[in-house]
Amino acid sequence: MKSRETAKRNRTIATYAFFIIGSVIMIFPFVWMFLTSFKTVSESMQIPPTILPSSWSLDNFKDAMASLPFGSLYINTALMIFWRVVCAVVFSSMAGYAFAKLNFKGKNILFSLVLIQMMLPSQIFITPQYQMLAKLGLTNTIFALVFPGLVSAFGTFFLRQAYLGIPNEIAEAAYLDGCTQWQTFTKVMVPLTTSSMAALAVFTAVFAYGDLMWPLIVNTDLNMMTLSSGLATLRGQFSTNFPVMMAGSLLAMVPMVVLYMIFQRQFIEGVAMTGGK
């Protein structure tokens with residue numbers, strides 16, 4: 001009996017030790033970024049590296065704010081995330097419902113195109129999308145940042161799976177009660193998939209916040225860049241002021257940290273529901 005309890009306790013200790021080590025590994029880069037943002041350039045390049053800065057100064061944060069228009073970057077990023085989330089949820093919900101519950105000619109072919117788009121790397125769409133915006137004269141605009149997120153192949157597939165999980169008898173009952181197809185979709189089906197839409201909104205916001213390549217290509221005006229592309233301009237060609245870059249990265253993290261604190265429950269539910277049904 002004692003040996004069994006000892007073995008169970010050892011397994012528990014080993015499990016907690018494993019997760020603690022994993023947590024430390026995950027948190028360490030953020031701690032290092034925080035400490036580096038207060039160091040001087042020489043301290044950040046020192047070998048062997050120093051853990052704590054010799055003096056805690058806010059000069060790097062002042063330099064970062066002087067180098068980048070953070071007000072514009074915050075606004076551009078917020079607008080890009082907002083409109084990408086709106087477009088992904090609205091259009092993907094309608095497309096997902098159509099592919100899951102409606103029968104129309106060419107349905108399988110069109111859904112195959114959605115799957116093909118998911119399998120192809122997003123980089124191959126950059127050139128044609130940029131040419132479209134350039135010919136329309138819409139580069140260096142908020143619309144240019146939102147353009148790739150007008151439709152979402154992942155969102156369409158994700159919400160299609162959610163609608164497939166709803167029994168057809170519910171839609172048939174709504175039809176017998178006199179609902180039109182649009183009323184069935186908006187008043188019956190959409191309320192049943194709000195958790196899936198919240199999950200899609202969470203992931204769309206996270207992906208949009210971390211998008212670097214497209215904002216860096218389509219908007220070359222510093223005042224029209226996002227936080228990720230703006231931070232990329234702090235990297236020099238031959239040398240980089242790493243403390244200033246780390247300070248700018250901390251400032252750029254503020255919006256997502258605030259969003260996480262406000263919508264923590266939705267973030268957790270969104271991640272949890274994608275792991276299993």
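The values are calculated or read from the model by the stated rules, or taken from the named source; none is laboratory data. Please read these numbers as outputs of a predicted model, since none were measured by experiment. So basically every Cβ, Gly included, is an ideal-geometry build from the backbone, and we count neighbours across all protein chains shown. The accessibility values were calculated without ligands, DNA or RNA, using every heavy atom of the protein model including side chains. Shrake-Rupley method; radii C 1.70, N 1.55, O 1.52, S 1.80 Å.
Here the extension length gained between residue 47 and residue 12 equals 8.7 nm, from 0.36 nm per residue of separation less the Cα-Cα distance. Roughly how many percent of the accessible protein surface of region 62-177 is carbon and sulfur, given a 1.4 Å probe and a whole-percent answer? Exposed carbon and sulfur together represent 67 percent of the surface.
If I build a Gaussian network model for the chain, linking alpha-carbon pairs within less than 10 angstrom, which residue out of 262, 81, 27 has the largest mean-square fluctuation? The residue with the greatest mean-square fluctuation here is 27.
Compared with the rule-of-thumb size 2.2 N^0.38 Å for a compact globular protein, the chain has a Cα radius of gyration ratio of 1.29. In this simple spin-label approximation, residue 223 and residue 54 carry label points 7 Å from Cα along the Cα→Cβ vector, and these lie 4.0 nm apart. Which of the listed residues, 71, 142, 110, is farthest toward the dipole's positive end in region 48-165, when Lys, Arg count +1 and Asp, Glu count -1 at the beta-carbon? Farthest along the dipole direction, towards plus: 110. Axis angle, to the nearest 10 degrees, between helix 107-119 and the longest C-alpha principal axis of the chain: 10 degrees. Report summary: the helix-based calculation at 222 nm, which adds -39500 (n - 2.57) for every DSSP H run with n ≥ 4 and divides by the residues of the chain, gives -22000 deg cm²/dmol. The percentage of C-alpha pairs in region 95-233 whose separation is greater than 17 Å is 67%.
The phi-based Karplus calculation (6.51 cos²θ - 1.76 cosθ + 1.60; θ = phi - 60°) puts the 3J(HN,Hα) values of region 140-148 at 6, 9, 5, 4, 4, 5, 7, 3, x Hz, whole numbers, x for Gly and Pro. Region 101-158 gives an Rg/Rh value of 1.07, both radii derived from C-alpha positions and Rh following Kirkwood. Summing Lys and Arg as +1 and Asp and Glu as -1 over all other residues whose Cβ lies under 14 Å from the Cβ of residue 147 gives a net charge of +1.
In terms of the mean number of neighbouring beta-carbon atoms within 10 Å, the peptides 100-107, 220-227 order highest first as 220-227, 100-107. What's the angle, to the nearest 10 degrees (0 to 90), between helix 242-262's Cα axis and the longest principal axis of the chain? Relative to the chain, helix 242-262 is tipped by roughly 40 degrees. For region 100-186, the solvent-accessible area of protein heavy atoms averages 64 Å² per residue (probe radius 1.4 Å; ligands and nucleic acids excluded).
Backbone geometry of region 200-205 corresponds, through the Karplus equation with coefficients 6.51, -1.76 and 1.60 at θ = phi - 60°, to 3J(HN,Hα) couplings of 5, 4, 4, 5, 5, 5 Hz, x marking Gly and Pro. Size descriptor for region 1-120, Kirkwood hydrodynamic radius: 21.1 Å (Cα pairs only, one decimal). What figure, in Å² to the nearest 10, do you get for the accessible area of residue 93 with a 1.4 Å probe and non-protein molecules left out? For residue 93, solvent-accessible area is about 0 Å². Take residue 132: with every protein chain present and a 1.4 Å probe, its accessible area is about 100 Å².
Any idea how far the Cα center of region 70-113 sits from the one of region 1-64, in Å? After rounding, the separation between the Cα centres reads 39 Å.
Of 213, 261, 33, 253, the order by accessible heavy-atom surface (1.4 Å probe, DNA, RNA and ligands excluded), from most exposed downward, is 261, 213, 253, 33. Here the relative contact order of the chain, from alpha carbon pairs under 8 Å that lie six or more residues apart, stands at 30 percent. Can you give the FRET efficiency to the nearest 0.05 for residue 115 and residue 94, using r as the Cβ-Cβ distance and R₀ = 30 Å? Between residue 115 and residue 94 the formula returns 0.95. Once the Cα-Cα distance is subtracted from the 0.36 nm per residue extended length, the residue 5 to residue 107 segment shows a gain of 30.9 nm.
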